[in-house]
Structures are given as structure tokens and as C-alpha cells.
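The block underneath contains the structure these notes are about, expressed in C-alpha cells.
Any read-out appearing in this document is the output of simple, stated calculations on the displayed coordinates, not a laboratory observation. None of the values given here were measured: they were computed from a predicted structure. Using ideal geometry, Cβ is built from the backbone for each residue, glycine included, and neighbour counts are taken over all protein chains shown.
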Amino acid sequence: MSGKQVPSFAAAVADIPDGATVGFAGFGMPGTPFNLIAALAERGVRDLTLVANTTGGAQQPRMPDIGMLVERGQVRKVICAFTAATRASDVLPFTKYYEAGEVDAELVPQGTLAERLRAAGAGIPAFYTPTAVGTELAESHETRVINGREYLLEYALPLDFAFLRARRSDAFGNLRFHRSQRNFNPVMAMAARVAIAEVEEPILPEGAIDPDMVHTPGIFVQRLVEIPPPPVGLWPRKREERAAR
């Protein structure tokens, strides 16, 4: 086992404290760290600020998501690009808690969210963007006219921890994602003080991945957990394994 590899999902999240800011990569199913989310739910830490593209889905059977953490009373605030379901007939677990005032939400346009995370990783404290000018999202933002166009000032969004999911990793933590898995994974890894990746394939020796094939360098990744093969009650490695269960 490499220096970055930990033996279990529970061990990977064991030091996450109350009040932490945690980022969850993923875009729907691809790249979502379901096992790490489940481990955080079991750990029971509270007063969390969660950063993600969405608050979770309404699909059945239920997958671990932000909604699960909200239902358990672990969440103080969610920062995300989408707080509502894609279909009016769907009811997200998050919605009723938000409407009851039990959890706060900050809606951020998707591109702005990605750039706030990237800026945090690049050491850029703030930036101007035209996105959301003239909308309710612009309220309380500082604005500036540059070359005749109005822009909003947005601040970088650093994370205490980031949960990632990759198809492949070597022992140093160099990650390779499978197609749309990449989504928010690279920028969240950069933005986090501690990035934790669950990995679908057996972890390779250090240097086994061609540098030209690395999507996120291991310098941004602090912990690795290899997803055990099913059946072990976990969210498994590959689509064909899910179909076989």
C-alpha cells in the first residue's frame, strides 16, 4: 500500500471535523464519489458547508448524495449550481429542508462555480465575470464596468476537503478520469487542502501512467482509496459490474 493509499473509506474521512467545507465532484453519476459520501454520512460530523454541482437527485434506488447528509442534519450550507430538480414532478430531499429554513443555500452559476474553484487552486483571490449581471444573483456583489461592460466580482472558493472519483491512479495520486468523469474533479482537487480520491481500478505503481495521460497530477491529491470489487455493498467500479449485481 502506497503512502497516500488508505485502507478504507472510513479511514479516509476520519479526520474531517465539524464545520468543514467539503467539495463533491461529479455531474450526475459520472465522477461522483458515492463511497466517500456514504462514509462521511456514517461519520456523523455536523455543521458542514458542502460544495457541488447539484444537491443530489431523485433517482431510485437512492444513491449517497448531499440530500442524504442534509436529511441527517449534518449540513449548515450548500453552495451549488443547481438546487432544483430537472423535472417538476421530482422532489429532491434537499428541497424541503431548505424551504423549512433548516439549511442555507448559495446558488452559483455553473461556470462561475468552476472558476471560483479553479481560482482557489491557482492562488487567485477574486475575479470579474459578466455572468449573472442584472439578475438576483448579482445582489450584494461588487460590480465594475470594464471596456463598457458590467462585471461582477466573485471570490475564490477554497475547500478544506474534496471528494473525487477516478478510473485510474498510480501510487503518487496521478489521476486519470474516464470521459465525463473529469467534470469538477480536477478543479476541486486543486482547490482543496486535502483531496481524497476513490479509484475504480487497482492502484498502479508510481509512474505507471504516462504523464501525457494524467488528468490531475498527484501533487494535488493527498489520499487514495481503492474501490473493492463487488459484492461488498459499495458503489462498484464499472458499469458492467453494476449490471451484473
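When the chain is modelled as a GNM with alpha-carbon springs shorter than 10 Å, which of 181, 74, 110 fluctuates the most?
Largest GNM mean-square fluctuation: 110.
Over the Cα atoms, compute the radius of gyration (one decimal) and Dmax (the largest Cα-Cα distance, rounded to a whole number) for the chain, in Å.
When restricted to the Cα atoms of the chain, Rg and Dmax are 18.2, 60 Å.
With 10 angstrom as the radius, rank 140, 169, 180 by how many other C-beta atoms surround their C-beta, starting from the fewest.
On the way: 140 5, 169 31, 180 12.
Fewest-to-most Cβ neighbours within 10 Å comes out as 140, 180, 169.
At 0.36 nm per residue, minus the direct Cα-Cα distance, what do residue 10 and residue 90 gain on full extension? Give it in nm, one decimal, please.
25.7 nm
Hey, fewest Cβ within 10 Å first, where do 66, 219, 16 land in order? Display every interim value, and only then the final one.
On the way: 66 26, 219 11, 16 20.
Ranking 66, 219, 16 by Cβ neighbours within 10 Å, fewest first, gives 219, 16, 66.
Just want the ordering: 79, 196, from fewest to most Cβ atoms lying within 10 Å of their own Cβ.
Placing the least packed residue first, the sequence is 79, 196.
Calculate the spin-label point distance for residue 219 paired with residue 47, positioning each point 7 Å from the Cα along the beta-carbon direction, and give it in nanometres.
Spacing of the two 7 Å Cα→Cβ label points: 3.5 nm.
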